[in-house]
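The values are calculated or read from the model by the stated rules, or taken from the named source; none is laboratory data. Note that the structure is a prediction, hence the values are computed from the model and not measured. Glycine also receives a Cβ, built like all others from the backbone with ideal geometry; neighbour counts cover every protein chain displayed.
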(Lines give C-alpha, C1' and ligand atoms only; values in the text may rest on other atoms or scores of the structure.)
Protein backbone atom coordinates (compact mmCIF):
# COMPACT_ATOMS: atom_id res chain seq x y z
CA UNK A 1 0.00 0.00 0.00
CA UNK A 2 1.28 3.47 -0.87
CA UNK A 3 2.20 5.90 1.89
CA UNK A 4 -0.66 8.10 2.98
CA UNK A 5 0.83 10.62 5.39
CA UNK A 6 4.09 12.45 4.75
CA UNK A 7 6.65 10.30 6.57
CA UNK A 8 8.14 13.22 8.49
CA UNK A 9 4.92 13.52 10.52
CA UNK A 10 5.07 9.86 11.49
CA UNK A 11 8.49 10.09 13.11
CA UNK A 12 8.12 9.62 16.90
CA UNK A 13 10.11 12.75 17.73
CA UNK A 14 8.21 14.93 15.27
CA UNK A 15 4.83 13.52 16.31
CA UNK A 16 5.66 14.22 19.96
CA UNK A 17 6.43 17.84 19.05
CA UNK A 18 3.15 18.07 17.12
CA UNK A 19 1.19 16.62 20.03
CA UNK A 20 2.88 18.93 22.54
CA UNK A 21 2.14 21.96 20.36
CA UNK A 22 -1.50 20.90 19.92
CA UNK A 23 -1.85 20.34 23.68
CA UNK A 24 -0.44 23.80 24.44
CA UNK A 25 -2.27 25.86 21.82
CA UNK A 26 -5.34 23.79 20.92
CA UNK A 27 -4.47 24.07 17.25
CA UNK A 28 -1.96 22.73 14.76
CA UNK A 29 -1.49 23.25 11.01
CA UNK A 30 0.63 20.71 9.14
CA UNK A 31 1.70 21.60 5.59
CA UNK A 32 2.40 18.94 2.96
CA UNK A 33 0.51 16.56 5.22
CA UNK A 34 -0.28 13.83 2.72
CA UNK A 35 2.37 12.11 0.66
CA UNK A 36 2.60 13.91 -2.73
CA UNK A 37 1.28 10.92 -4.73
CA UNK A 38 -1.64 10.55 -2.31
CA UNK A 39 -2.48 14.25 -2.51
CA UNK A 40 -2.42 14.08 -6.32
CA UNK A 41 -4.89 11.21 -6.08
CA UNK A 42 -7.09 13.24 -3.70
CA UNK A 43 -7.19 16.09 -6.22
CA UNK A 44 -9.42 13.83 -8.32
CA UNK A 45 -12.25 14.85 -6.00
CA UNK A 46 -12.15 18.36 -7.50
CA UNK A 47 -13.74 16.94 -10.65
CA UNK A 48 -16.54 15.25 -8.71
CA UNK A 49 -20.01 16.66 -8.87
CA UNK A 50 -22.23 16.66 -5.85
CA UNK A 51 -25.61 17.60 -4.50
CA UNK A 52 -26.15 21.33 -4.08
CA UNK A 53 -27.00 22.26 -0.49
CA UNK A 54 -28.50 25.70 -0.05
CA UNK A 55 -30.31 27.44 2.78
CA UNK A 56 -29.94 31.20 2.25
CA UNK A 57 -29.35 32.16 5.90
CA UNK A 58 -27.02 29.22 6.61
CA UNK A 59 -24.96 27.85 3.71
CA UNK A 60 -24.36 27.20 0.04
CA UNK A 61 -22.02 24.45 -1.19
CA UNK A 62 -21.99 21.06 -2.90
CA UNK A 63 -21.94 17.93 -0.80
CA UNK A 64 -19.62 15.46 -2.49
CA UNK A 65 -19.95 11.72 -2.24
CA UNK A 66 -16.41 10.88 -1.25
CA UNK A 67 -16.94 7.14 -0.85
CA UNK A 68 -13.97 6.29 -3.07
CA UNK A 69 -11.74 8.30 -0.72
CA UNK A 70 -13.16 7.23 2.65
CA UNK A 71 -10.69 4.38 2.96
CA UNK A 72 -7.89 6.95 3.14
CA UNK A 73 -9.33 8.27 6.40
CA UNK A 74 -9.16 4.98 8.22
CA UNK A 75 -6.04 3.26 9.49
CA UNK A 76 -3.01 5.55 9.44
CA UNK A 77 -5.02 8.80 9.36
CA UNK A 78 -7.42 7.67 12.10
CA UNK A 79 -4.44 6.63 14.24
CA UNK A 80 -2.84 10.04 13.68
CA UNK A 81 -5.99 11.92 14.79
CA UNK A 82 -6.42 9.60 17.77
CA UNK A 83 -2.81 10.24 18.77
CA UNK A 84 -3.54 13.99 18.88
CA UNK A 85 -7.05 14.07 20.31
CA UNK A 86 -7.32 10.77 22.18
CA UNK A 87 -10.43 9.83 20.18
CA UNK A 88 -10.96 8.07 16.88
CA UNK A 89 -14.75 8.18 16.55
CA UNK A 90 -15.36 10.66 13.77
CA UNK A 91 -17.05 10.87 10.42
CA UNK A 92 -15.53 12.52 7.36
CA UNK A 93 -17.47 14.72 4.96
CA UNK A 94 -16.56 16.34 1.68
CA UNK A 95 -17.84 19.81 0.72
CA UNK A 96 -17.06 21.56 -2.55
CA UNK A 97 -17.05 25.37 -2.71
CA UNK A 98 -17.08 27.60 -5.78
CA UNK A 99 -18.34 31.08 -6.73
CA UNK A 100 -21.21 32.28 -4.47
CA UNK A 101 -20.72 29.52 -1.89
CA UNK A 102 -20.34 30.15 1.86
CA UNK A 103 -21.37 29.04 5.33
CA UNK A 104 -22.60 31.28 8.16
CA UNK A 105 -22.23 31.14 11.93
CA UNK A 106 -25.25 30.01 13.93
CA UNK A 107 -25.02 30.25 17.71
CA UNK A 108 -27.34 27.32 18.26
CA UNK A 109 -24.98 25.03 16.34
CA UNK A 110 -22.13 24.44 18.76
CA UNK A 111 -19.99 21.36 18.39
CA UNK A 112 -17.52 20.44 21.07
CA UNK A 113 -14.35 18.47 20.79
CA UNK A 114 -11.90 18.93 17.94
CA UNK A 115 -12.32 19.66 14.26
CA UNK A 116 -9.94 18.66 11.54
CA UNK A 117 -10.05 19.93 8.02
CA UNK A 118 -8.01 19.70 4.92
CA UNK A 119 -8.24 21.77 1.72
CA UNK A 120 -7.91 20.15 -1.70
CA UNK A 121 -7.15 22.78 -4.32
CA UNK A 122 -5.13 23.22 -7.50
CA UNK A 123 -4.46 26.91 -6.90
CA UNK A 124 -6.28 29.48 -4.82
CA UNK A 125 -5.89 33.19 -4.16
CA UNK A 126 -6.89 34.73 -0.82
CA UNK A 127 -8.68 37.56 -2.63
CA UNK A 128 -11.26 35.03 -3.89
CA UNK A 129 -12.53 34.34 -0.36
CA UNK A 130 -13.27 30.82 0.80
CA UNK A 131 -11.06 30.84 3.86
CA UNK A 132 -12.28 29.06 6.98
CA UNK A 133 -12.70 31.19 10.09
CA UNK A 134 -13.10 30.09 13.71
CA UNK A 135 -14.56 32.74 15.99
CA UNK A 136 -14.26 33.11 19.73
CA UNK A 137 -12.87 36.34 21.17
CA UNK A 138 -10.52 36.81 18.24
CA UNK A 139 -11.07 35.25 14.81
CA UNK A 140 -8.62 32.62 13.58
CA UNK A 141 -8.41 32.68 9.80
CA UNK A 142 -7.25 29.66 7.78
CA UNK A 143 -6.66 30.45 4.10
CA UNK A 144 -7.24 27.85 1.40
CA UNK A 145 -3.91 26.02 1.18
CA UNK A 146 -3.86 22.65 -0.53
CA UNK A 147 -2.38 19.67 1.31
CA UNK A 148 -2.44 21.32 4.75
CA UNK A 149 -4.19 19.61 7.65
CA UNK A 150 -5.55 21.71 10.49
CA UNK A 151 -6.68 20.22 13.80
CA UNK A 152 -8.33 22.64 16.22
CA UNK A 153 -9.97 22.29 19.61
CA UNK A 154 -13.23 24.12 19.10
CA UNK A 155 -14.45 24.55 22.67
CA UNK A 156 -16.56 27.73 22.72
CA UNK A 157 -15.99 28.46 19.02
CA UNK A 158 -18.10 28.56 15.92
CA UNK A 159 -16.85 28.58 12.36
CA UNK A 160 -17.76 29.69 8.87
CA UNK A 161 -16.42 29.65 5.31
CA UNK A 162 -16.05 33.14 3.80
CA UNK A 163 -18.19 33.89 0.72
CA UNK A 164 -16.43 33.05 -2.55
CA UNK A 165 -16.66 36.20 -4.63
CA UNK A 166 -17.00 36.79 -8.37
CA UNK A 167 -13.21 36.68 -8.82
CA UNK A 168 -13.09 33.02 -7.75
CA UNK A 169 -11.72 30.78 -10.48
CA UNK A 170 -12.47 27.11 -10.05
CA UNK A 171 -13.34 25.43 -6.79
CA UNK A 172 -11.86 23.71 -3.77
CA UNK A 173 -12.96 20.87 -1.51
CA UNK A 174 -12.85 20.85 2.27
CA UNK A 175 -12.49 17.39 3.74
CA UNK A 176 -13.48 17.71 7.37
CA UNK A 177 -14.58 15.95 10.50
CA UNK A 178 -15.45 16.56 14.14
CA UNK A 179 -13.98 14.45 16.91
CA UNK A 180 -16.58 14.66 19.72
CA UNK A 181 -15.52 15.65 23.21
CA UNK A 182 -15.58 12.96 25.86
CA UNK A 183 -18.69 13.02 27.99
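Note on the range 87-183: enclosed strands (runs of 3 or more DSSP E) holding 2 or more residues that are farther than 20 Å from residue 72 by Cβ are 132-135, 140-142, 148-153, 158-161. With respect to the stated conditions, residue 155 is more than 26 Å from residue 56 (Cβ to Cβ), surrounded by fewer than 14 Cβ atoms within 10 Å (Cβ to Cβ) and at pLDDT below 95. A search for C-beta distances below 7 Å between a residue of the range 2-19 that is in contact (Cβ under 8 Å) with a residue 24 or more places away in the chain and any residue that is part of a helix (DSSP H, G or I) and surrounded by fewer than 13 Cβ atoms within 10 Å (Cβ to Cβ), counting only pairs 6+ apart in sequence or on different chains, returns 2/37. Every condition in (1) farther than 30 Å from residue 23 by Cβ; (2) in contact with a strand residue (DSSP E or B) (Cβ under 8 Å, 6 or more places away or on another chain); (3) surrounded by 15 or more Cβ atoms within 10 Å (Cβ to Cβ) holds for residue 99 except the one numbered (2). Flag: residue 183 matches the condition of being loosely packed, with under 14 Cβ neighbours inside 10 Å, closer than 20 Å to residue 86 by Cα and either out of contact with any strand residue (DSSP E or B) (no Cβ under 7 Å at 6 or more places or on another chain) or at pLDDT 90 or above (or both).
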